[in-house]
Amino acid sequence: MKDQIELSITVRAGTGEVWHALTDSDELENWWGEGIKLEAKVGGQFREKWEDDDGQAQMASGKVLEVKKSKLIRFTWVEKSWPKNAVTECTYEISEAGPGKSALTVRHTGWESLPAAIRSKTLKDFKTGWTYHLKELKEYLDF
């Protein structure tokens, strides 16, 4: 699938530790930054507050669609600035990757719901963002 982001990291942490870092509010803010929330239950809320390059407040939100504790969480992602019917979907998949190690794959799909005029730039910006956040998570868990 062309219009998707798929990135993976391997960390020196068990799957439970990775899950905790992704879903516990305090842990999540430790490596992602303030204003992030992901409730690890079906119907739970996803929210990210951030500022764009112009210093304008932005908001992403979504709803949790699927949860398999310490293995998978799938949720929708909608930006406040996007057209009303534009919805993307994120999946975090966690698996064992050897003694004391875990692999995390982030898959972000649904970009075809964005207008063609903004799709390519938005996809590029999100790939940059996900690359940054996964680097931060790896540094946080590998300490």
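So in segment 37-58, with the set limited to residues that are hydrophobic (A, V, I, L, M, F, W, C) and touching a residue at least 24 places away in the same chain (Cβ under 8 Å), which one is surrounded by the fewest Cβ atoms within 10 Å (Cβ to Cβ)? Result: 42.
Quick one: is residue 8 over 20 Å from residue 128 (Cβ atoms) and either of a type in the set (Gly, Ala, Ser) or free of Cβ contacts under 8 Å to residues at least 24 places away in the same chain (or both)? Answer is no for this residue.
Scanning segment 66-83 for residues that are of a type in the set (Phe, Trp, Tyr) and in contact with a Leu (Cβ under 7 Å, 6 or more places away or on another chain) turns up 75, 82. One residue stands out in segment 63-97 among those that are outside any loop (DSSP other than H, G, I, E, B) and more than 24 Å from residue 9 (Cα to Cα): the one that is modelled with the lowest pLDDT, namely 79. Per this entry, residue 22 is not counted among residues that are part of a helix (DSSP H, G or I) and free of Cβ contacts under 8 Å to residues at least 40 places away in the same chain.
Within segment 96-111, can one find any residue that is among the hydrophobic types (A, V, I, L, M, F, W, C) and more than 15 Å from residue 19 (Cβ to Cβ)? The answer is yes; a qualifying residue exists.
Residues in segment 118-131: is at least one of a type outside the set (Lys, Arg), surrounded by fewer than 16 Cβ atoms within 10 Å (Cβ to Cβ) and either touching a residue at least 40 places away in the same chain (Cβ under 8 Å) or touching a Phe, Trp or Tyr at 6+ places or on another chain (Cβ under 6 Å) (or both)? Yes, segment 118-131 contains at least one residue that is of a type outside the set (Lys, Arg), surrounded by fewer than 16 Cβ atoms within 10 Å (Cβ to Cβ) and either touching a residue at least 40 places away in the same chain (Cβ under 8 Å) or touching a Phe, Trp or Tyr at 6+ places or on another chain (Cβ under 6 Å) (or both).
Would segment 72-89 turn up any residue that is polar (S, T, N, Q), under 12 Å from residue 22 (Cβ atoms) and in contact with a His (Cβ under 9 Å, 6 or more places away or on another chain)? Among the residues of segment 72-89, not one is polar (S, T, N, Q), under 12 Å from residue 22 (Cβ atoms) and in contact with a His (Cβ under 9 Å, 6 or more places away or on another chain), which makes the answer no.
Taken as a whole, segment 105-123 holds no residue that is of a type in the set (D, E, K, R), modelled with pLDDT of 95 or more and part of a loop (DSSP other than H, G, I, E, B).
Being in contact with a Lys or Arg (Cβ under 9 Å, 6 or more places away or on another chain), acidic (Asp, Glu) and either surrounded by fewer than 16 Cβ atoms within 10 Å (Cβ to Cβ) or over 19 Å from residue 130 (Cα atoms) (or both) is a property that residue 112 has. Examine segment 20-32 for a residue that is of a type outside the set (Asp, Glu) and at positive phi, and state whether such a residue exists. No: zero hits.
Scanning segment 25-36 for residues that are surrounded by 13 or more Cβ atoms within 10 Å (Cβ to Cβ) and not in a strand (DSSP E or B) yields 27, 28, 29, 30, 31, 32, 33, 35. Only one entry of 61, 81 meets the criterion of being among the small types (Gly, Ala, Ser), without any contact (Cβ under 8 Å) to a residue 24 or more places away in the chain and touching a Lys or Arg at 6+ places or on another chain (Cβ under 6 Å), and that entry is 61.
The values are calculated or read from the model by the stated rules, or taken from the named source; none is laboratory data. Since this is a predicted model, take the numbers as computed values, not measurements. All Cβ positions, even for glycine, are placed from backbone atoms using ideal geometry, and neighbour counts span all protein chains on display.
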